[in-house]
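Worksheet for the structure shown next.
The values are calculated or read from the model by the stated rules, or taken from the named source; none is laboratory data. What you see is a predicted model; the values in this text were computed from it and never measured. Positions of Cβ are backbone-derived with ideal geometry, glycine not excepted, and every protein chain shown enters the neighbour counts.
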Amino acid sequence: MQIIQPHYHAIARTAQDYERMAMSGVVAVAEPAFWAGFDRRYPETFIDYFRQISEFEPTRAAQYGIRHFCWVAVNPKEAENVELTNEVLKHFPEFFAKPTCLGVGETGLHKATKNECDSLQAHVELAMKHNQLVLIHTPHLADKAHGTKKVLEVLAGLNVDPQRIWIDHVEEQTIGPCLDAGYWVGFTLYPITKCSPRRAVDMIEKYGSERLLVNSSADWGPSDPFTLQQCIMEFRSRGHTVQEAIEVFHNNPCRFLGQNPKFDIQPIRIEVDAPVSV
Amino acid sequence: MQIIQPHYHAIARTAQDYERMAMSGVVAVAEPAFWAGFDRRYPETFIDYFRQISEFEPTRAAQYGIRHFCWVAVNPKEAENVELTNEVLKHFPEFFAKPTCLGVGETGLHKATKNECDSLQAHVELAMKHNQLVLIHTPHLADKAHGTKKVLEVLAGLNVDPQRIWIDHVEEQTIGPCLDAGYWVGFTLYPITKCSPRRAVDMIEKYGSERLLVNSSADWGPSDPFTLQQCIMEFRSRGHTVQEAIEVFHNNPCRFLGQNPKFDIQPIRIEVDAPVSV
Amino acid sequence: MLSPHQVVEKDYLEHRYMLLEIAAYLDRYDAALQRTGEVPVGTPAKLKLLDQALAVLRAPASEKGRTYDLLELFAK
Amino acid sequence: MLSPHQVVEKDYLEHRYMLLEIAAYLDRYDAALQRTGEVPVGTPAKLKLLDQALAVLRAPASEKGRTYDLLELFAK
């Protein structure tokens, strides 16, 4: 089946992952800027990181016939370093000009501190000023409810187009308010501890498939790109059609990401051709 | 680490499994005769199956430096066909003469019917008569408690050496009586639904590591040879030493299987050599 | 072997996750009832069994332990 | 979508398995206490939380559902 993986940290994943994704129908991935496992100290590191995901990583993906797009951001965990954040933000417009950069992400909150909220606001404002898409990370586990509420508060105070903002890592507790406020939402699927493929399908069945993206976990921690394909299997096993699956796992990413004209993959429909005469 | 996988259905597994097992330290596997997913009709099929696991499969394993041993049996599920069972049993002595055949297995019970019990008895008696080892399958899920009790009753009525009998697939509910009666016990680890690596380690910690074998699930159904290595990781992560792990996952199989002199892999001990002088 | 504190910490998140999965399973059944308008004749046997298992997990452990007791329950 | 009956049947064994895992986790804590002879000052917070979650799973579902309620509980 045709699949788009809209949130994928390729630099932390193997060539084999690319190969297996290609073989299972993945046609495109989009790579948000992420935390590296430690707090980086130098703006220069970020610039080189953005170069890596906007210049080098597309060549790696291309070897498997996969399109690669990216996003730029200072990670919420690093937003405590205000000077670093402001310095890096100055360079965003250079990357907005790259042919595969879709916008700002993943910005968002981790512990929802004052500095994090300021950084989130600065990220979103810069994106809106440059007509970019935004991908917002919400905290995990016990911090999720409070952090998501805070994200919504920060956004409510800004002049944004909600349709161009995707709030990621929603769960049963947080999906409602995000959809109600007009944003796109995303599920991130984990092999264990966080949102599972089954629970994601439950939420799709409950809330419908509009303004909704699904991505696997895929980073340097416990994660598995194939939780996305597991989710498609689960979705289909509950009696949903191939076309319904394509709407969620291929066409929805086209609809959201395609708001940036650089993302030129179009929604598709499976039609029965002229019947074979017997 | 040095690992022996004492219960492995190689004909249902891939060359990649062999390769990855070899790379993780597996030095030997033993393949009991299994059910094929449907009830076989012809004794001839069994003869060819026993030839496959006693003649061909060792050559496949050898390519990865893995020793391959086997066991012969009519599966409990097929014991309802009394004529078939009796016909196949006649051929066992030919296979007992093979250089890698360790005995009779997996016999045992599935639904604990009269015919199954008769077959189990005939299997065990034949093994004892020929001085062979015995591997006994116990039923899964809701049938396990009753089926295991019945296995112990059948064995109690026979003249057996308990030390040469391994009762497999024990869980918290059934391990006690099997050990108390002097038999060896085995845990079979599944990725889901049955005994997990963690629960197996719990039982090792509770009952000690004597007369105890651990094997992964590895057949044509949902199963994973690497649940065995997961179990070793879990065991080590709880503070048990490498040598303690070797006792359970390498030396215990040597102790049980080595009662048949064809199994000539010896227990090992990791010794610190002359210290490096600085 | 691990201390009691280490036991709790080591695998807490996985068991938290399992409880969420079980919650979602029960919610899924309710959602299916609501969707189909079906009025069940009592709780399905398997869900009753899970509920009894939850009761065992909440009660003080027996001498043989909760895992043993759950296996006994599921074998009925 | 699946019927209520199909929902129960499809994943029953996995959830049965998860309850056994949770039982073994609680047993493991008890075994560690017994082994170390440690006398805990009350139940650890995380185990209390799991017990509260078990209570939610046994109670009638709220309007928002059990998964929602468990997430709220775990976020406290």
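Against the numbered list (1) part of a helix (DSSP H, G or I); (2) over 27 Å from residue A:131 (Cβ atoms), residue A:48 comes up short only at (2). Taken over segment B:78-117, the criterion of being surrounded by fewer than 19 Cβ atoms within 10 Å (Cβ to Cβ) and under 22 Å from residue B:38 (Cβ atoms) is satisfied by B:80, B:81, B:82, B:83, B:86, B:87, B:91, B:111, B:113, B:115.
Return a yes/no flag: does segment D:13-28 have any residue that is modelled with pLDDT of 95 or more, more than 7 Å from chain C (Cβ to nearest Cβ), part of a helix (DSSP H, G or I) and over 22 Å from residue C:9 (Cα atoms). Yes. Only residues that are facing chain C (nearest Cβ under 7 Å) and in a loop (DSSP other than H, G, I, E, B) were counted across segment D:43-54, and they come to 1.
The set of residues in segment B:10-46 that are in contact with a Gly (Cβ under 6 Å, 6 or more places away or on another chain) and closer than 19 Å to residue B:72 by Cβ contains only B:32. Looking across segment D:65-75, the residues that are facing another protein chain (nearest Cβ under 8 Å) and not polar (S, T, N, Q) come down to D:65, D:66, D:68, D:69, D:70, D:71, D:72, D:74, D:75. For segment B:140-156, a tally of residues being in contact with a helix residue (DSSP H, G or I) (Cβ under 8 Å, 6 or more places away or on another chain) and in contact (Cβ under 8 Å) with a residue 12 or more places away in the chain returns 10. Name the residues in segment D:1-10 that are surrounded by fewer than 17 Cβ atoms within 10 Å (Cβ to Cβ) and modelled with pLDDT of 95 or more, would you? D:3, D:5, D:6, D:9, D:10, listed by residue number. Exactly one residue among D:60, D:40 is over 22 Å from residue C:75 (Cβ atoms), surrounded by fewer than 19 Cβ atoms within 10 Å (Cβ to Cβ) and facing chain C (nearest Cβ under 7 Å), and that residue is D:40. Apart from one condition, residue A:194 fits all of (1) part of a helix (DSSP H, G or I); (2) within 14 Å of chain D (Cβ to nearest Cβ); (3) touching a residue at least 40 places away in the same chain (Cβ under 8 Å); (4) not acidic (Asp, Glu); the exception is (1). Could you run through segment C:64-76 and say how many residues are assigned to a loop (DSSP other than H, G, I, E, B) and modelled with pLDDT of 95 or more? Qualifying residue count, segment C:64-76: 2. Residues that are among the charged types (D, E, K, R) and either touching a Phe, Trp or Tyr at 6+ places or on another chain (Cβ under 6 Å) or not in a loop (DSSP other than H, G, I, E, B) (or both) do not occur anywhere in segment B:221-231. None of A:13, A:20, A:40 is more than 26 Å from residue A:250 (Cα to Cα) and either at pLDDT 95 or above or within 19 Å of the chain's Cα centre (by Cα) (or both) except A:40. Here residue A:205 passes the criteria (1) assigned to a helix (DSSP H, G or I); (2) touching a residue at least 40 places away in the same chain (Cβ under 8 Å) except the one numbered (2).
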